[in-house]
């Protein structure tokens, strides 16, 4: 509410509706007066900071910065486990425009075209999708169709999911004007993107539980699974796993995805050690490569650690990318730090 005043998200979003009753009960039972005061101060700070910013790029930048700082302080273990790193708006804009250029050059299509499905699998606070909507690369005539049917986003962290949902909806309605009736963004899913590539029988119990609690969200996930994706953009997680046996921030295991890496990136490698091949951002490359439209191909635009470009243990990945893609464009900022 502090970020987006006068908005209907809580009443319309399936996750929000399912959780609101639980949150109301927890709010009454667990928050002390001191905690209420702290939250109120934070709310006032966010409202004051964001309220004075009306320019689109500036607003997206402050949303990213506020969330990034909050999460590093409030939940550093989650940041480490999930490899959460948020992307500067300038970098997001460069990637989006580069993807638009490459899509036209390599495929003769535009981001506005019908049936060009666009996915941000690690959406965070929704910066890639909001900047895509604001970029002008999607025509006014195509905007409602893309928003309603052909733009997709996934997020695993509940708080980021909330912010992304409202952020994307808010930007869309700003672009459409005050006469446009409220239209929720149904392309966003609360889900683990890597889990989407796993066999359903591997996760029956947890999937059943999720579907029972969040049935509408589960329907969105199923719908997205069946879409042919042409463009994948985003900032993949950078986490490589636990540093010691005592670290509880161990990354999740994805047998199907890891098997794909084993039979592609690792199989083509001449290196003796391949631990870095299972870093989350490497998994993202494998997942995205497999997720693109099988018949027509597509474009991936990621910002990642640059280690994969030269590391000896990732030679198999480089060979595989060369075999699987007709063109590879690299803008190396010399950033090899997670």
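The values are calculated or read from the model by the stated rules, or taken from the named source; none is laboratory data. In this text, all values refer to a predicted model and were calculated from it rather than measured experimentally. Every residue, glycine as well, gets a Cβ built from its backbone with ideal geometry; the counts of neighbours run over all protein chains shown.
Observations on the structure shown:
- Failed item, numbered, when residue 124 is tested on (1) modelled with pLDDT of 90 or more; (2) under 25 Å from residue 90 (Cβ atoms); (3) not in a helix (DSSP H, G or I): (1)
- Restricting the search to helices (runs of 4 or more DSSP H) fully inside region 187-302 and requiring at least 3 residues that are modelled with pLDDT of 75 or more and touching a helix residue (DSSP H, G or I) at 6+ places or on another chain (Cβ under 9 Å) gives 215-225, 255-261, 280-291.
- Selection over region 133-153 of residues that are in contact (Cβ under 8 Å) with a residue 40 or more places away in the chain and closer than 20 Å to residue 88 by Cβ gives a count of 4.
- Selection within region 149-170 - buried (at least 22 other Cβ atoms within 10 Å of the Cβ) and either over 20 Å from the mean Cα position of the chain (by Cα) or modelled with pLDDT of 90 or more (or both): 150, 151, 152, 153, 154, 155, 168
- Residue that is modelled with the lowest pLDDT [pool: residues in region 310-338 that are over 23 Å from the mean Cα position of the chain (by Cα), surrounded by 13 or more Cβ atoms within 10 Å (Cβ to Cβ) and not in a loop (DSSP other than H, G, I, E, B)]: 313
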